[in-house]
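Engineer: The structure is given below, and queries will be raised subsequently.
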Ligand SMILES: CC(C)(COP(=O)(O)OP(=O)(O)OC[C@H]1O[C@@H](n2cnc3c(N)ncnc32)[C@H](O)[C@@H]1OP(=O)(O)O)[C@@H](O)C(=O)NCCC(=O)NCCS
């Protein structure tokens, strides 16, 4: 199985993978947040959150992270997620998401939530939304000015039970 839980020493490569993508490459704030929150997620109990990495021959090519919603029962958020730009569109994102779903289910998740940019003019956001829709997520609402004043968030849900 090329997917495992991330460890502390993986953080630099995780940030580099995010930086290689069109979605995150110009977003210094997001890259800093990835560095700090990924480390937090690596250190907590796996039922509360974690980071999965996809490896091929020892080389890390993608990651996905999740965290449990503490104020509810059986609700998990997909947080950071990226596949290195040169190996996108080969099914790695799908495998990471399927593994995350399996793990979340095992911890009692009823549903997965994810937020992503609602910008219709920006191709990376359109790709991300297409990905979630292909994986069976349903668009439930839009929150204007969620990330910054010009960018809304689309919230997606996937029911696991
Ligand atoms: C979103 C992302 C993680 C998907 O990873 P991936 O390994 O390329 O995804 P997959 O190869 O498993 O693609 C699954 C489906 O998603 C859609 N998809 C993925 N990339 C696409 C693209 N460039 N254009 C159109 N659809 C795309 C397709 O429906 C694809 O299925 P298909 O190839 O059978 O048509 C990757 O594009 C990425 O790292 N993007 C930048 C970071 C990002 O957007 N993170 C999420 C922000 S919240």
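FYI, it's all coordinate maths here, none of it is from the lab. As the structure is a computational prediction, the values presented were derived from the model and not from experiment. Cβ coordinates were reconstructed from backbone atoms using ideal geometry, including for glycine residues, and neighbour counts include every protein chain displayed.
Engineer: Mean separation of Cα pairs under 8 Å and 6+ residues apart, divided by the residue count of the chain: what relative contact order is that in percent? Provide the component values of the computation, followed by the final result.
Structural biologist: Details: 274 pairs, mean separation 28.9, N = 161.
That works out to 18 percent.
Engineer: For the chain, what does the helix formula give at 222 nm: sum of -39500 (n - 2.57) over DSSP H segments with n ≥ 4, over the residue count, nearest 500 deg cm²/dmol?
Structural biologist: Details: 4 runs with 53 residues, N = 161.
It lands at -10500 deg cm²/dmol.
Engineer: Label points 7 Å out from Cα along the Cβ direction at residue 126 and residue 46: separation in nm?
Structural biologist: 3.9
Engineer: OK, next. Report the calculated FRET efficiency for residue 102 and residue 30 (r = Cβ-Cβ distance, R0 = 30 Å), to the nearest 0.05. Please report the intermediate quantities before stating the final value.
Structural biologist: Numbers: r = 27 Å, r/R0 = 0.89.
Here the calculated transfer efficiency is 0.65.
Engineer: Ranking request for peptides 140-146, 44-50, 14-20: highest mean number of other beta-carbon atoms within 10 Å first, then the rest in descending order.
Structural biologist: Numbers: 140-146: 11.6, 44-50: 15.1, 14-20: 19.9.
In descending order of packing, they fall as 14-20, 44-50, 140-146.
Engineer: Neighbour counts of other C-beta atoms within 10 Å: give me 34, 92 arranged from fewest to most. Before the final figure, lay out the partial values.
Structural biologist: Details: 34 23, 92 20.
Fewest to most other Cβ atoms nearby, the residues stand as 92, 34.
Engineer: On to the next question. Eigenvalues of the Cα gyration tensor times 5, then square-rooted: what semi-axes does that give for the chain, in whole angstrom, largest first? It would help to have the intermediate numbers written out before the result.
Structural biologist: Working: eigenvalues 90, 80, 48 Å².
The three semi-axes for the chain are 21, 20, 16 Å.
Engineer: Could you tell me the center-to-center distance, by alpha carbons, between region 91-125 and region 129-154 in angstrom?
Structural biologist: Here the answer is 12 Å between Cα centres.
Engineer: A further question on this structure: If each residue of separation counts as 0.36 nm, what is the full-extension length gain between residue 151 and residue 55 once their alpha-carbon separation is subtracted? Intermediate values should be presented prior to the final figure.
Structural biologist: Numbers: separation 96, 0.36 × 96 = 34.56 nm, distance 3.26 nm.
That pair, residue 151 and residue 55, stretches by 31.3 nm at full extension.
Engineer: Follow-up. Fully extended, how many nm does the chain gain between residue 134 and residue 110 (0.36 nm per residue separation, minus their Cα-Cα distance)? Could you put the intermediate results ahead of the total?
Structural biologist: Working: separation 24, 0.36 × 24 = 8.64 nm, distance 1.93 nm.
Length gained, residue 134 through residue 110: 6.7 nm.
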